[in-house]
Structure formats: structure tokens, C-alpha cells
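Notes for the one structure printed next.
Nothing in this text is a laboratory measurement; each read-out follows from the coordinates by a stated rule. Please read all numbers here as calculations on a predicted model, not as lab measurements. Counting neighbours? That spans all protein chains shown, and the Cβs are built from the backbone with ideal geometry, glycine included.
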Amino acid sequence: MNDRIIIIGAGAWGDALSKLTQINGCEPIIWSRSCGRVLAEMVTDCVAIISAVSMSGVPAIIERLRDSIAPHQIIVTATKGLDARTNLTPAQLWHQAFPNNPIVVLSGPNLSLEIQQGLPAATVVASQSADAANTIQEIFSSPKFRVYTNDDPIGVELGGTIKNVIAIAAGTCDGLKLGNNAKSALLTRGLAEIIRIGQYWGGKTETFYGLSGLGDLLTTCNSPLSRNYQVGYGLAQGRTLTEVLANLQGTAEGVNTTKVLIQIADRNQIYMPITVLVDRLLQGQITAPEAIVALMSRDRKSE
Ligand SMILES: NC(=O)C1=CN([C@@H]2O[C@H](COP(=O)(O)OP(=O)(O)OC[C@H]3O[C@@H](n4cnc5c(N)ncnc54)[C@H](O)[C@@H]3O)[C@@H](O)[C@H]2O)C=CC1
Ligand SMILES: O=C(CO)COP(=O)(O)O
């Protein structure tokens, strides 16, 4: 495959995505803050511009690229977070800045370390442009990486983003050694919470039951490789958030995502009991055991 593509961000995910395209004979250009090159010049002639930076970096990257992207170039966002200032998703930020470009969301159960080890995985590329999704599917598909197209970008993006909050709760649950019954209850009710806010945002219910929703929820909530899971696990050991984050390799987007979700849920009166307790836990307002008692002693309701 000879398409010229650029990957923005050389963190864990940017590196793994780069490796996946190389399996198909691509030689992606990689840009990172430390590479010493001008991003706006490097994107010229690229068929696809793939952003794999953490959420906090997305607005700055968009600013660097303003006026430098032609309308036919496909923008791919692989970030799983929410913007603290605007409460928008990464794809919404990209669309706001580049309204004429096809935007593709790439998201799925994709722990970067497993991908780096050459283990098989599957993902979803979602776009309102079927042509753009097909092009990105072709760039990434290989015997190691099965890529599905999808026409619900907001649903795909939100599944991968909101599950990070539930992954913090799951790490807490495992850190407290609460067992499999409790864990399954947490994940199932967590999915209900993802769907509740995801529907409000316009995502399709069936998308949340797919790879980018339930699939990513299962992977992230069951793996000590997940940084979000590690945050919850550390809090359950009685460590403070500051201590946990100081020892974490890479970004745990769920910490910031929780804050943004709380704002949206409050504004729109969306019931998100797990997210509320994760927020209080992250802020040090309650301990992990207290969060469990609070979850279990809520008003009785039907499923
Ligand atoms: N690591 C993983 O397994 C996966 C991560 N993701 C998502 O991908 C995103 C990145 O994650 P990781 O690579 O794991 O994080 P990381 O912490 O390893 O790397 C973050 C990258 O973002 C860049 N960055 C941050 N702020 C920037 C700015 N202002 N300007 C330019 N670059 C900036 C950093 O330099 C670094 O290259 C996150 O949203 C994460 O949720 C998605 C799927 C899998
Ligand atoms: O999104 C991921 C796996 O799909 C990575 O999860 P963490 O960011 O928690 O490591």
C-alpha cells in the first residue's frame, strides 16, 4: 500500500497504530512534539491524517493544522477522551475546525501493549462518509487486525471514551477483591450508564453493544494493562490520586472524562450513579469501600 499517511503522536497508541500500518507495507510519517519538524508542512499530500494524541493535546494539534488540511484529506481520530473546556468529543472538535473534511473515528478493544506483542485484535472505523471509512479499513486491516466499518461515529467514540470511567470502577472492584459477581454487576450496570448518556448524545443503542462499546468495556475493565483500571486499583489500595498518577505509565483519560461527564449529567439530569461515585473517589471525598456501600444502598429499582 503506497498511500502517504501521517500519525500524530508517538505515545503508546501512536506507536502501535504505526506498527499496524507497517504490516500492510505503509511507511507512515510520524510526528511528535519532540521530532523538531513542522506538522503543517508534513501533512501535505497525506491521504489520511491520524491523530493519536491524548485529549489534552487535541486542541493544540488542531491549531497547528488550521488552514493546512485540504478538503479531500481524511482525518482519523483515535483519542478516547472529552474536551474539558468545551465538553466536546475529539471528532466534534476536528469537525468544528475542518467542517468539509471526512472524519473517521477509530476505536475498539485495543490495548496497545498486546498489539505491540503481535497479538490479534479487532477495531471499528466509523464515519458518516462510507468512502473514508473504507479507505481507513483498507489501511489498517491485516491478519493481525480485523477492522469493521460503522456509520455511527459518535456512538463508537463515546463507547471507547466512557468505558474508561467504568474501568476505574472495575480496577477499584478488583483492588478490593470483591469477586466476579460484583464485577459482572458493575460492568452490566456500567454499560447501562454508557448507553443512557450515549443515547442522549445521539449514539445508536446497538453501537454500544458492539466492539467499540461492550467489547472495549470488557477488555479495559478486565486488564491490569489498562491505565484506567490501574488508577482504580491503586485507589483501592488506599493511595491518593496524586500518588497513583505519579507512578502511571502514560495517560488515564478516565480521570478527566469523569469530570466532563458529571457536568453533562448534571446539566441534563442524566442518572449516572457509578460515574458520580468514581468522581467522588477521584476527588478523595470517599474511600473505595465507602463507594461500594453507597452503590449498594441506593433506592431499590427495576432493571
Ligand atoms: N494505549 C492504548 O492502549 C490506547 C490508547 N488510546 C487513546 O489514545 C490516546 C493516546 O494514548 P496513549 O498513546 O496511550 O498515551 P501516551 O500518554 O502514551 O501518549 C500521549 C501522546 O500524546 C502526545 N501529546 C499530549 N499532549 C500533546 C500536545 N499538547 N501536543 C502534541 N502532542 C501531545 C504526547 O506527546 C504523546 O505522544 C488516549 O486518548 C488514549 O485513550 C486508544 C486506544 C488504545
Ligand atoms: O482504550 C484502551 C484499550 O482499548 C486502553 O485503555 P487505557 O487507556 O485504560 O490503558
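Taking amide H as placed 1.01 Å from N in the peptide plane, Val147 has its amide H under 5 Å from the amide H of Thr123, Ser142, each at least 5 places away in sequence or on another chain. Starting from the Cα of Lys177, step 7 Å toward the Cβ, then list every residue of region 219-242 with an amide N under 12 Å from that point. No residue qualifies, since no backbone N sits under 12 Å from the label point.
In straight-distance terms, cross-link reach from Lys301 covers every one of the aspartates and glutamates whose alpha-carbon lies under 18 Å from its own, apart from those fewer than eight places away in the same chain; here that gives Glu193.
Calculated mean residue ellipticity at 222 nm for the chain: -15000 deg cm²/dmol, from DSSP H runs with n ≥ 4 weighted as -39500 (n - 2.57), summed, divided by the residue count and rounded to 500.
Amide H to amide H, which residues 5 or more places from Leu88 or on other chains are under 5 Å from it, using H placed in the peptide plane? Amide H to amide H, under 5 Å and 5 or more residues apart or across chains, Leu88 pairs with Asp83.
Please give the residues of region 119-134, grouped as numeric ranges, whose backbone N is less than 20 Å from a label point set 7 Å along the Cα-to-Cβ vector of Asn100. The answer is 128-133, whose backbone nitrogens lie closer than 20 Å to the label point.
If you take all other residues with their beta carbon under 11 Å from the beta carbon of Gly203, and give Lys and Arg +1 and Asp and Glu -1, the sum is -1.
Peptides 166-174, 224-232, 88-96 ranked from most to least packed, by the mean per-residue count of other Cβ atoms within 10 Å: 166-174, 224-232, 88-96.
Extension gain for the segment Gln269 to Thr242, taken as residue separation times 0.36 nm less the Cα-Cα distance, is 6.7 nm to one decimal. 3J(HN,Hα) couplings calculated from phi for region 159-164 with the Karplus curve 6.51 cos²θ - 1.76 cosθ + 1.60 (θ = phi - 60°) are, in sequence order, x, x, 8, 6, 4, 5 Hz; Gly and Pro show x. Using the average count of surrounding beta-carbon atoms within 10 Å as a protection proxy, the listed peptides 182-188, 297-303 rank, highest first, as 182-188, 297-303. Scalar couplings 3J(HN,Hα) for region 279-290, obtained by applying the Karplus form with A = 6.51, B = -1.76, C = 1.60 to θ = phi - 60°, are 4, 5, 5, 5, 7, x, 7, 9, 8, 4, x, 5 Hz; x denotes Gly and Pro. Once the Cα atoms are used to define both axes, helix 254-268 deviates from the longest principal axis of the chain by about 70 degrees.
Our coupling estimate for region 214-224, obtained by passing each phi through the Karplus curve with A = 6.51, B = -1.76, C = 1.60 and θ = phi - 60°, is 4, x, 6, 4, 5, 4, 5, 6, 10, 10, x Hz, Gly and Pro reported as x.
Against the chain, whose longest principal axis is taken from its Cα atoms, helix 130-140 shows a tilt of about 90°. By the rule of a C-alpha distance below 24 Å, with chain neighbours fewer than 8 residues away ignored, the lysines paired with Lys80 are Lys19, Lys144, Lys163, Lys183, Lys204, Lys259. Counting charges near Val76 (Lys, Arg +1; Asp, Glu -1) among other residues having Cβ under 13 Å from its Cβ returns a value of -3. Close amide H pairs (under 5 Å, H built 1.01 Å from N) link Val76 with Ile49, Ile50, Ser51, Val104, residues at least 5 positions away or on another chain. The share of Cα pairs per 10 Å bin across region 154-296, counted from zero up to the longest distance, runs 13, 48, 34, 6 percent. Compared with the direct C-alpha span, the chain from Arg4 to Arg298 gains 100.4 nm at full extension, assuming 0.36 nm per residue.
Using the Cβ of Pro109 as centre and a radius below 12 Å, the other residues enclosed give a net charge of +1, where K and R count +1 and D and E count -1.
In plain terms, the C-alpha convex hull of the chain casts an average shadow of 15.1 nm² when viewed from every direction.
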